[in-house]
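Heads up: the structure comes next, in structure tokens.
Computed from the coordinates by the stated procedures, all read-outs in this text should not be read as laboratory data. From a predicted model like this one, the values you see are computed outputs, not experimental measurements. Positions of Cβ are generated from backbone atoms using ideal geometry, with glycine treated the same way; all protein chains shown enter the neighbour counts.
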Amino acid sequence: MRLGQRLGPLEVRPFRLFWLGRTTSAVGDALVPVALAFAIVDNLNAGVGSLGVVLAVSSVARVVFTLVGGVWADRLPRRAVMVTCDAIRAVIEALVFAFLLAGAMQVWMFAVSGAIFGAASAFFGPASTGLVAETAPRTQFQEANALLSMSQTAALVVGPGAAGILVATVGAAWVFAVDSVTFIASGFFLAALRLAPHVAPAKKRFLADLHDGWREVTARSWLWVPYISFAFSNLVNATFFVLGPVIFATDLGGASDWGLAMSIAGTGGFAGSLLALRWRPRRPLVAAFLVWTTGALPPLTLIGPSNPIVVGIAAGLFFGGVVVGGAFWNATMQERIPRDKLSRVDSYDWLMSLVFQPLGFALAGAIAAGIGVQTTLLIAATLSVVVHLAVVALPSVRAITRHEPQTEMA
């Protein structure tokens with residue numbers, strides 16, 4: 001099948017508008033991390049610890065509100081949820097811009113804005129996963145997810161460099177203004193969607209709705225067992241991102257070489273989205289968990305003599321695997337989970353993926369100090385392979401086939 005045919009979801013107006021909205025906001029989001037770091041460390045003369053606190057507050061807020069966001073994304077029209085989240089984030093970024101420009105921004109204000117931003121993202125994520133199923137043709141869910149990943153990874157490749165230029169030329173404040181505009185544009189694209197009328201579910205207590213989503217998860221071992229693997233893999237993957245910069249600072253070329261490695265890794269993620277447009281394996285979940293074993297490659301390249309090119313290629317294979325496997329995983333959920341419960345199911349996915357990542361960041365350094373850096377990296381690489389192969393061995397995972405969408409094993 002030609003690549004042009006894999007772009008089929010973009011020929012459908014609702015998905016095209018949805019994709020434009022997600023792509024526009026992704027561009028803005030790719031700019032902000034660099035601007036945030038310079039705004040806090042340089043503009044406010046605060047330490048790296050203050051930056052860490054702001055990032056942690058945003059992450060915690062997202063974790064805390066993820067399940068709440070999943071419930072409301074199933075209760076309300078998902079487009080309305082996403083437009084509201086875009087409006088909130090646009091206002092937040094506009095306020096940050098204004099206060100920075102006036103010289104009135106403080107660290108605590110970044111923390112508060114980060115918490116609101118994280119909470120809004122917790123509603124946006126599950127609603128977005130559910131809206132893919134409402135806007136893309138059912139036979140093209142994989143391509144739809146691949147196209148979303150393509151634009152997001154492309155933004156991550158060019159965004160940091162563009163942000164650096166903006167910060168150096170016009171100042172960090174204006175990056176937040178750009179991000180605010182991207183959220184406004186995203187909201188307009190989403191508001192232009194024409195979807196089937198929303199059928200409101202029967203009124204239930206919040207905990208009952210939450211339990212309904214959990215029951216959908218626990219009824220399928222091909223869902224809840226992978227959720228456990230996601231928790232372990234995020235713990236393991238954090239090792240590379242914590243120890244990698246330390247090793248580069250002491251044994252390799254420092255920050256510039258680390259940046260080079262991460263740029264190569266970003267192009268790997270983009271290449272993965274191209275592969276996801278073309279590759280349609282008969283057993284998508286088996287393929288997903290096999291490509292996710294590439295998580296072992298980056299920590300292995302940090303053991304012993306290495307160079308940024310090798311590390312970047314290894315990380316690129318991993319990032320590409322994440323994108324390819326994610327397209328298979330999301331499409332499988334969107335095909336097989338009842339649409340009115342999809343956002344709640346996805347919120348549990350987000351929760352398991354997010355909640356253990358900060359723990360991994362916190363533990364990696366302590367473990368390395370206790371048993372040694374190389375031993376820690378070797379254990380991380382081994383666990384990355386073992387955890388994912390264990391999921392592949394699960395009969396219900398192997399039973400998921402592209403040609404028999406109604407067949408499931410609990």
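Below is a table of values for the structure above.
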| read-out | value |
| --- | --- |
| Extent along principal axes [Cα atoms of the chain; Å; largest to smallest] | 55, 49, 45 |
| Top positive-direction residue, dipole computed over the chain with Cβ charges, set Gly316, Leu300, Ala111 | Gly316 |
| Simple Cβ-charge dipole of segment 1-200, Lys/Arg +1 and Asp/Glu -1, about Cα centre, in debye nearest 20 | 620 debye |
| Given charges at beta-carbon only (K, R positive; D, E negative), |dipole| of the chain in Debye | 1300 debye |
| Furthest towards positive pole of dipole, Leu148, Ala39, Gln374, structure part the chain, Cβ charges | Leu148 |
| Per-peptide average of other Cβ atoms within 10 Å, ordering 213-226, 310-323 highest first | 310-323, 213-226 |
| Given charges at beta-carbon only (K, R positive; D, E negative), |dipole| of segment 44-147 in Debye | 140 debye |
| Evaluated at q = 0.10, 0.16, 0.17, 0.18 Å⁻¹: base-10 log I(q)/I(0), Debye formula over Cα of segment 1-200 | -0.44, -1.03, -1.13, -1.22 |
| Charge dipole (segment 1-200, unit charges on Cβ, about Cα centre) - positive-most of Phe124, Val54, Leu190 | Leu190 |
| Cβ-derived FRET efficiency at R0 41 Å, Ala192 paired with Leu363, nearest 0.05 | 0.35 |
| Shape call, segment 80-127: gyration tensor on alpha carbons, a/c limit 1.5 | oblate |
